[in-house]
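Take a look at the structure set out below.
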Amino acid sequence: MRGYRNICLGILSMLASLSAHAEYAWNFPEPVTPMALDTLHVHNKFMLISMAIFFVVLAIMIYSIFAHRKSKNFKPVADKAPSTGMEIFWTLIPFAILLLIDFVIMGIPAYHSVVMMEDTRDKATMVVKVTGSQWRWQYEYMDGDAQGIKFVSNLSTPKEQTDKGFEGKKDEQYLLEVDNRLVLPVGEKVRILMTATDVMHNWWVPQFGSSRLAVPGFLRETWVQVDKAGTYRGQCKELCGKGHGYMPVVVDAVPMEEYKAWVVAKKAEMAKASAGADKEWTKDELIAEGKGVYEKNCAVCHQVSGAGLPPAFPALTGSKVANGPIFGADGKYLKDGHLDRVLNGIRVMPGWKALLNDTEIAAVITYERNALGNSVGDVLQPSQVKVARQ
Amino acid sequence: MSTTTVAHHDEHAEHPTGIMRWLTTTNHKDIGTMYLTFSLIMFFVGGAMILGIRAELFQPGLQLINPEFFNQLIGVHALIMIFAALMPAATGFANWMIPLQIGAPDMALPRLNNWGFWLLPPSAILLTLPFTLAMFGIGDGALATGWTFYPPLSVQGGIGVDFAIFAVHLLGVSSVLGSINIIVTLFNMRAPGMTLMKMPLFAWGWLITAFLLVATIPVLAGAVTMLLTDRHFGTHFFDAAGGGDPVMFQHLFWFFGHPEVYILLLPVWGFIPQILETFSRKPMYGYKAQVYSFWAIGGLSVVVWAHHFFTSGMPVPALLYFMYSTMAISLPLAVMFFCWIKTMWKGSMSFETPMLFTVGWIILFGIGGLTGLVLADVAADAQYHNSYFVVAHFHYTLFAGGIMGIMAGVYFWLPKMTGHMYNEKLGKVHFWLTAISFNLTFIPQFFLGLAGMPRRIPDYALQFAEFNMISSIAAFVLGFSQLLFVYNIVTCIKGGKKATDQVWEGAQGLEWTLPSPPPYHSFTEQPTVK
Amino acid sequence: MAKLEKSEQLSQKQQLDLKNKILVRKLLWLLLGSLLFAFALVPIYDVLCEMTGLNGKTNNTAAVLTKAKVDETRWVTVQFTTNVMPGLGWNFYPKQSSIKMHPGQIETVIFIAKNTTNQVVVGRAIPSITPGIAAANLKKIECFCFINQALKPGEEKEMPLRFFVSPELPKDVSDMTLSYAFFPSVDGVKE
């Protein structure tokens, strides 16, 4: 049994000898919501109880192992003729101890935690809808001043760092950085609605202590109330395909005034972007813009080269959709044409009309038709996308 | 009398040799040996897969395998370890030992027994074939959804999902056939005088397991069949668009999946007390209490399934019900732990390899059980769920509680099966290497989970690097130390010190009254139990 | 003597075989039973969902219009949100983002759908309500989600929902969200 102590000591010394600056997390990260705080307390309490049970039982066992050995000539003491009454009495003792622990010592605080966790019904200050899709999060502010703000949040760790065989130095927030962060005001109760468009996802920030499955077609909810300003990071934690490890969650919790300023700025930014749809773009401008949009959003499946990953993700190079006509004779876009596919998606491909603005869609389609080995030669103007949407 | 009692199995007195012996055998010992050998081979196949994963996770960044292949490895690793390594090992022991323990000449349905086994190799091939096909450009590889098959991901998946569904069907049929055989054997073939409450505990463990299998495997088969029709025949069981619900699959799957945990563990809980009493030289304590605990756990196992997906969203009363009923599983387990330790208490213990594995098993399974108790808490589960904490927890229950238990059984019964003693020193080295490297592999994973590392990700943030590195190194030590196990078994089959009939000084039960190895047809004359 | 014993043995063996056969048959019935149970779980699950609001599923058929008393002592806010699922070339959004009402009061809200493609498209709306407890208490009298909806190319349509919140709604629920996910119809006319 000395082995087990050695194991523990071994682990400790091994960890201590590893890079000294690394911060080791031995427990949950610092809780910043009431729910996470409560979860931490419950966890600590239960862990202590479990360890107490474990070490008491272990101690009895170790004592027996050392005292009652054949090599020490210990003569076995036959238990008295199995009297059912005594046997039941003795075996009921551990039963009773666990009964007390399960349903009183652990059961009562656990009850309160559950009730608190599910308490989404109280007046919340605001509602945010989180939509998971392969492999990015989409955020929509549902009410208040921020109503109408919606954006997509993509992994922003440079692709070469996540590629196979990258040897260089990785970013400090490797795999945990996004282009658009969710911004929440500090100290306010926020209802988080959760849904998905393709497969199941799970929106999880460890420091918030809440996680909830996002189910396509259905709505789920949880709530957060971030009590401390800061940036908090998490990841998707329901296996959702090959990009499962690459859809982080980053939340900025800021004071109310800052949040209000952010709302105003974000709205102005969105207005500016949609205004861009009204101007006439040149082909080169669109292709340049489209390359960025493509590599950020489309390359995960269709690959940077446009070769795709058949059979799940078809190639764009030489594809019928990307080389076929966009509009029909009536001026409306063709079903199963290029614009239809990008706007509305099909099966595993998400519809991008809710995720990208007119300029981005026009740019990415123009790019796909005139790069990636395709040379259709036509240009799709943002204004045409704007009309097509309505 | 003895000259005329060999009425049945006369036709096998001269059994064929070579490959035909194994293909056509209906002898319980041959079939048991095949199950155990198959299990050992698949243990290494599944192990090789996970070493590939641990090699990839050795440091942040992608080095060896791409994410698609990573997802295939995790799911197939789990399916192989559960269905092709752990379950066949337990069935192998059942075939070998149940007839010997209850004084029966063979299993009740020998031909069924043969079919049950020969379904396994094809299903193992079905599971792994897509890997090979993908190399030739056919399909996109094996099941990439994890072993849980959750739709819509599995509806979206490639041919690997179909292969895995068929494999699960075959594996299910195989284990149901095995279970029916075991139930019939235990009910009808016991030696005169051996009442149900005198049966060895291993037989009891298997009886409950067999009933659980017959009751729950059809639910799994039904669920994956619905998945198959959703994929190819236009049904919408799990598709919201057609009025279905993807979360329903989770309910169906875990209605089977949770009892499955006890299906894997009950046989082990059966023979562990037998090993304890042998090496404590003292009859086991609380036989009846343990049998009743088996019943209690078997019953509870089918009413607690939803604790596997608390975060999927449920009404508060449902959350509370599943939390408390899950906690209640610790009650019979506490009784069992008490009985195990009471059996050791004031015995005259010696620590040969089977006993070492058993003691190590009690401690490590204890960790698995206690972390399970913590996981039952709904609020904290929001954090643990799908994190590495869960991965560590179920490896404590299934690797330590399952596979290390099976290893104890192998060392315990190997001399009886082969007639030779294994190399004791090597066995002890194997134990210490396994126990230490196992802990070094999985203790860091508890901390990874607490720190917030989700499971099933091929690459991770820099803050998780150190623990992953330790875990990977230890996993390789763990994997390669199992070669000692194989070496020890092979040399023991080939030769070694002759084992006595009783093998172990304190061994009790009918199997130890037979010669080592037992004759091809044992108990041609039925023993009587007083 | 030996012959006699042999026949006795044989009959014992036959007896055992018979016993085994009977038991196997019973076990096969058990097996069949659990297989049926597996498929029976599908409707059972739906019923449970409806009763408990599990998964936010609501009854997809019209509720009987009861003369429920309007509970004017409290307000409930019902919020609306939509998702257009991949493959459906529609715009679909609620005309009003939320509505404040008394439990028992009947309200009509409008959702706007427009087909932006050049073909007829059939869609099906799947409702979901959160928190789950509210699902059982939101009663629809008339809803576009009861049937498939077809839109001609470029057609825009107002889709009404007439509903009330049951006064039996637990007192502590003041906010709920109703979501419609519009899918391309799986049994629609054509692609």
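The values are calculated or read from the model by the stated rules, or taken from the named source; none is laboratory data. Small disclaimer: the values here were computed from a predicted structure and weren't measured. Counting neighbours? That spans all protein chains shown, and the Cβs are built from the backbone with ideal geometry, glycine included. Only protein heavy atoms, including side chains, enter the accessible area calculation; ligands, DNA and RNA are left aside. Shrake-Rupley method; radii C 1.70, N 1.55, O 1.52, S 1.80 Å.
Of the set (1) farther than 22 Å from B:LEU127 by Cβ; (2) surrounded by fewer than 22 Cβ atoms within 10 Å (Cβ to Cβ), all apply to B:LEU177 but (1). For B:PRO151, the test of being within 11 Å of chain A (Cβ to nearest Cβ), open to solvent by less than 10 Å² (accessible area, probe 1.4 Å) and in contact with a helix residue (DSSP H, G or I) (Cβ under 9 Å, 6 or more places away or on another chain) is passed. Checking C:ASN55, C:ASN83 one by one, the residue that is at pLDDT below 85, open to solvent by less than 70 Å² (accessible area, probe 1.4 Å), in contact with a Phe, Trp or Tyr (Cβ under 9 Å, 6 or more places away or on another chain) and within 14 Å of chain A (Cβ to nearest Cβ) is C:ASN55 and no other. Consider region B:481-530 and keep the residues that are over 21 Å from B:ILE272 (Cα atoms) and of a type in the set (D, E, K, R). The one that is surrounded by the fewest Cβ atoms within 10 Å (Cβ to Cβ) is B:LYS530. Restricting to region A:98-110, name every residue that is surrounded by 16 or more Cβ atoms within 10 Å (Cβ to Cβ) and assigned to a helix (DSSP H, G or I). Result: A:LEU98, A:LEU99, A:ILE101, A:ASP102, A:PHE103, A:GLY107, A:PRO109, A:ALA110.
Selection of region A:139-179 for residues being closer than 17 Å to A:HIS244 by Cα, open to solvent by 50 Å² or more (accessible area, probe 1.4 Å) and part of a strand (DSSP E or B) yields only A:LYS164. Kindly evaluate C:PHE146 against the criterion of being within 11 Å of chain B (Cβ to nearest Cβ), open to solvent by 10 Å² or more (accessible area, probe 1.4 Å) and within 28 Å of C:VAL47 (Cβ to Cβ). When the stated conditions are applied, C:PHE146 does not pass them.
In region A:318-355, the qualifying residues are those that are in a loop (DSSP other than H, G, I, E, B) and away from every other protein chain (no Cβ under 14 Å), and the one that is most open to solvent (accessible area, probe 1.4 Å) is A:GLY318.
The residues in region A:223-238 that are more than 10 Å from chain B (Cβ to nearest Cβ) and of a type in the set (S, T, N, Q) can be counted, and the count is 2. A Cβ distance below 6 Å, combined with a sequence gap of six or more or placement on separate chains, defines the contacts here; from region B:234-251, residues that are within 9 Å of another protein chain (Cβ to nearest Cβ) and free of Cβ contacts under 8 Å to residues at least 24 places away in the same chain reach residues that are among the small types (Gly, Ala, Ser) and assigned to a helix (DSSP H, G or I) in the pairs B:HIS236/B:GLY242.
Among the residues making up region C:171-191, those that are modelled with pLDDT under 85, within 14 Å of chain B (Cβ to nearest Cβ) and within 24 Å of A:ARG191 (Cα to Cα) are C:ASP172, C:VAL173.
Restricting attention to region C:119-130, the residues that are facing chain A (nearest Cβ under 8 Å), buried (at least 22 other Cβ atoms within 10 Å of the Cβ) and farther than 19 Å from C:HIS102 by Cβ total 4.
Residues of region B:195-210 that are out of contact with any helix residue (DSSP H, G or I) (no Cβ under 6 Å at 6 or more places or on another chain) and open to solvent by less than 30 Å² (accessible area, probe 1.4 Å): B:MET199 alone. Here A:GLU172 clears all of (1) out of contact with any Leu (no Cβ under 8 Å at 6 or more places or on another chain); (2) farther than 15 Å from A:TRP137 by Cα except the condition numbered (1). It is to be established whether one or more residues within region A:111-120 are at pLDDT 90 or above, over 30 Å from B:ALA334 (Cα atoms), open to solvent by less than 50 Å² (accessible area, probe 1.4 Å) and facing chain B (nearest Cβ under 8 Å). Checked region A:111-120: no residue is at pLDDT 90 or above, over 30 Å from B:ALA334 (Cα atoms), open to solvent by less than 50 Å² (accessible area, probe 1.4 Å) and facing chain B (nearest Cβ under 8 Å). Checked against the criterion of being within 8 Å of chain B (Cβ to nearest Cβ), of a type outside the set (Phe, Trp, Tyr) and outside any loop (DSSP other than H, G, I, E, B), region A:194-201 contains not a single residue that satisfies it. Just one of the numbered conditions (1) in a helix (DSSP H, G or I); (2) more than 25 Å from C:VAL186 (Cβ to Cβ) is not true of A:LEU380: (1). The single condition from (1) closer than 30 Å to A:GLN225 by Cβ; (2) at pLDDT 90 or above; (3) surrounded by fewer than 17 Cβ atoms within 10 Å (Cβ to Cβ) that A:TRP26 fails is (2). On the given criteria, is B:ALA465 open to solvent by 10 Å² or more (accessible area, probe 1.4 Å) and either within 9 Å of chain A (Cβ to nearest Cβ) or more than 26 Å from A:LEU40 (Cα to Cα) (or both)? Judged against the criteria, B:ALA465 is a match.
Residue-by-condition table, conditions (1) open to solvent by less than 10 Å² (accessible area, probe 1.4 Å); (2) away from every other protein chain (no Cβ under 12 Å):
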site	(1), (2)
B:GLY222	yes, no
B:LEU228	no, yes
B:HIS232	no, yes
B:GLY257	yes, yes
B:PRO267	yes, yes
B:ILE275	yes, yes
B:PRO283	no, no
B:VAL291	yes, no
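Quick grid of which residues meet (1) charged (D, E, K, R); (2) open to solvent by 30 Å² or more (accessible area, probe 1.4 Å); (3) closer than 21 Å to B:VAL161 by Cβ:
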{"site": "B:MET42", "(1), (2), (3)": "no, no, yes"}
{"site": "B:MET49", "(1), (2), (3)": "no, no, yes"}
{"site": "B:PRO60", "(1), (2), (3)": "no, no, no"}
{"site": "B:GLN63", "(1), (2), (3)": "no, yes, no"}
{"site": "B:ILE80", "(1), (2), (3)": "no, no, yes"}
{"site": "B:PRO88", "(1), (2), (3)": "no, no, no"}
{"site": "B:LEU100", "(1), (2), (3)": "no, no, no"}
{"site": "B:ALA108", "(1), (2), (3)": "no, no, no"}
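Residues that are in contact (Cβ under 8 Å) with a residue 12 or more places away in the chain, farther than 30 Å from B:ASN95 by Cα and open to solvent by 10 Å² or more (accessible area, probe 1.4 Å): does region B:299-310 have at least one? Checked against the condition, which is being in contact (Cβ under 8 Å) with a residue 12 or more places away in the chain, farther than 30 Å from B:ASN95 by Cα and open to solvent by 10 Å² or more (accessible area, probe 1.4 Å), region B:299-310 yields at least one hit. Residue count for region B:253-303 under the criterion of being outside any helix (DSSP H, G or I) and over 20 Å from the mean Cα position of the chain (by Cα): the result is 7.
Among residues of region B:25-40 being open to solvent by 20 Å² or more (accessible area, probe 1.4 Å) and aliphatic (A, V, I, L, M), the one that is nearest to A:CYS301 (Cα to Cα) is B:LEU40.
Residue by residue, here is whether (1) in contact with a Lys or Arg (Cβ under 7 Å, 6 or more places away or on another chain); (2) hydrophobic (A, V, I, L, M, F, W, C); (3) within 9 Å of chain A (Cβ to nearest Cβ) holds:
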position	(1), (2), (3)
B:VAL303	no, yes, no
B:GLY313	yes, no, yes
B:LEU319	no, yes, yes
B:SER325	no, no, no
B:PRO332	no, no, yes
B:MET344	no, yes, yes
B:SER348	yes, no, yes
B:THR353	yes, no, no
B:LEU356	yes, yes, no
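Annotation note: Cβ proximity below 9 Å between a residue of region C:24-37 that is in a helix (DSSP H, G or I) and a residue that is among the polar types (S, T, N, Q) and open to solvent by less than 90 Å² (accessible area, probe 1.4 Å) (sequence gap 6+ or interchain) occurs for C:VAL24/B:ASN181; C:LEU27/B:SER179; C:SER34/B:THR216.
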